[in-house]
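Below: the structure, in structure tokens.
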Amino acid sequence: MHDGGVRDWNASDGPMPALFLGHGAPPLLDDAQWTAELSAWAAGLPRPTGILIVSAHWQSAPMAISSTRRVPLVYDFYGFPEHYYRMTYDAPGAPELAADVRALMPTNEPLLVRETRGLDHGAWVPLKAMFPDADIPVLQLSMPDLNPRHLFEVGRRLAPLRDQGTLIVGSGFMTHGLPYIHDYMGHTAIAPSWSIEFDRWAAEALARGDIDELFAFRDRAPGMPYAHPTVEHFAPLFVTLGAVARPDEGATTTIEGFWWGLSKRAFEIL
């Protein structure tokens with residue numbers, strides 16, 4: 001038995017699902033409930049051949065991929081206890097997956113290779129909970145911008161990877177109003193109204209596969225701009241949606257609830 005599934009993926013399984021999840025700060029790894037939810041989710045999946053992850057914490061134009069060999073993690077967070085900066089996640093590099101990603105990009109979408117760039121906390125924190133053995137090749141892809149339609153198109157280009165067992169993951173947060181959560185720090189049972197309202201709106205739009213509504217979240221979603229005063233944590237969702245054949249058929253929620261006032265809603269979609 002391996003991490004993240006009782007058996008390896010094979011072609012008879014059909015394409016791997018695409019995921020969107022909230023990655024939290026490193027203290028996520030001390031939250032027994034959330035880590036158990038992520039672990040159980042991974043255990044219900046076939047073990048992927050590789051993982052391609054798009055994190056809210058890497059924007060780069062032109063688009064870029066992380067190192068294809070083992071390099072140190074990116075500890076892109078500040079003010080936390082020292083032990084978080086000693087954590088490791090030594091997943092194998094993914095040179096074959098990197099080559100496949102490059103082959104899928106059109107000539108007008110250049111793709112750089114950042115051979116010294118490791119996984120940031122938007123990648124390694126959730127993967128450490130889901131696949132703790134770190135024995136699956138992982139590649140991180142940057143977001144070239146925050147345009148929902150462009151990111152959806154990037155996901156559409158990546159969709160064939162799912163047919164070869166690659167798990168495509170968008171890692172962000174369903175709500176991310178960090179300036180407004182001081183009174184909710186440490187709480188998991190309560191949340192501000194703007195977070196609850198945005199989460200409900202997103203859940204309903206995802207369930208009915210209303211991509212146009214999601215594209216227009218800045219104007220249509222209740223709770224804005226408090227739910228996302230900056231939008232980088234919602235943006236990876238559009239890569240996930242683009243990577244599936246029929247995003248209009250709706251997503252399946254796998255994790256819900258709140259963490260420090262923020263929605264940790266996660267979903268998978270085929």
From most to least accessible, 1.4 Å probe, no ligand or DNA/RNA atoms counted, Arg86, Arg162, Arg200 line up as Arg86, Arg200, Arg162
From DSSP H assignment alone, runs of 4+ in the chain each adding -39500 (n - 2.57), the sum over residues rounded to the nearest 500 puts [θ] at 222 nm at -8000 deg cm²/dmol
Counting sequence-distant residues (5 or more places) and residues on other chains, those with an amide H built under 5 Å from that of Ile168 are Leu19, Leu52
On the accessible surface of the chain, probed at 1.4 Å with all protein chains in place, carbon and sulfur together account for a percent value of 51
Length gained if Asp163 through Phe77 is fully extended, taking 0.36 nm per residue and subtracting the Cα-Cα distance, is 27.5 nm
Once phi for every residue in the stretch 259-268 is put through the Karplus expression 6.51 cos²θ - 1.76 cosθ + 1.60 (θ = phi - 60°), the whole-Hz ³J(HN,Hα) values, with Gly and Pro written as x, are 9, 6, x, 9, 6, 9, 3, 10, 8, 10
When the chain is treated as a Gaussian network with springs between alpha carbons less than 10 Å apart, the largest mean-square fluctuation among Gly24, Gly118, Gly44 is found at Gly44
Under a 1.4 Å probe, counting only protein heavy atoms, Tyr85 has an accessible area in Å², nearest 10, of 60
For the chain, averaging the sequence separation of alpha carbon pairs under 8 Å that lie six or more residues apart and dividing by its residue count, the contact order in percent is 29
Once phi for every residue in the stretch 92-99 is put through the Karplus expression 6.51 cos²θ - 1.76 cosθ + 1.60 (θ = phi - 60°), the whole-Hz ³J(HN,Hα) values, with Gly and Pro written as x, are x, x, 10, x, 5, 5, 4, 5
In debye to the nearest 20, the charge dipole size for the chain, taken about the Cα centre with +1 at each Lys and Arg Cβ and -1 at each Asp and Glu Cβ, equals 360
For the stretch 89-216, Rg(Cα) over 2.2 N^0.38 Å is 1.25
Calculating Rg and Dmax of the Cα atoms in Å from this structure picks out, from [x] 18.2, 56; [y] 18.6, 64; [z] 17.2, 49, entry [z]
Quotient of Cα radius of gyration and Kirkwood radius for the stretch 1-96, i.e. Rg/Rh, equals 0.97
Measuring from its Cα centre, the stretch 1-130 shows a charge dipole (+1 at each Lys and Arg Cβ, -1 at each Asp and Glu Cβ) which, in debye to the nearest 20, is 240
Across Gly209, Gly177, Gly242, the residue with the highest GNM fluctuation in the chain (Cα network, 10 Å cutoff) is Gly209
With every protein chain kept in place and a 1.4 Å probe, the residues Trp260, Trp124 fall, from largest accessible area down, as Trp260, Trp124
Connecting every pair of Cα atoms under 10 Å apart in the chain and solving the GNM, the largest mean-square fluctuation among Val54, Val71, Val244 falls on Val71
Counting only protein heavy atoms and leaving out ligands, DNA and RNA, the solvent-accessible surface of Glu109 at a 1.4 Å probe, in Å² to the nearest 10, equals 30
Residues meeting the amide H criterion for Ser263 (H placed from the backbone, H to H distance under 5 Å, 5 or more places apart or on another chain) are Thr175
Taking r as the C-beta separation of Glu115 and Gln33 and R0 as 45 Å, the FRET efficiency to the nearest 0.05 is 0.75
Result for the chain: accessible area per residue, probe 1.4 angstrom, in square angstrom, of 41
Going residue by residue through the stretch 213-221, the Karplus relation 6.51 cos²θ - 1.76 cosθ + 1.60 with θ = phi - 60° gives ³J(HN,Hα) values, rounded to whole Hz and with x marking Gly or Pro, of 4, 5, 4, 9, 4, 4, 9, 9, 7
The correct ranking of Thr166, Thr230, Thr107, Thr116 by accessible area at 1.4 Å, largest first, is Thr107, Thr116, Thr230, Thr166
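The values are calculated or read from the model by the stated rules, or taken from the named source; none is laboratory data. What you see is a predicted model; the values in this text were computed from it and never measured. As a convention, Cβ positions derive from the backbone with ideal geometry for all residues, glycine included, and neighbour counts pool all protein chains shown. These accessible areas exclude ligands, DNA and RNA; they are computed on the full protein's heavy atoms, side chains included. Shrake-Rupley method; radii C 1.70, N 1.55, O 1.52, S 1.80 Å.
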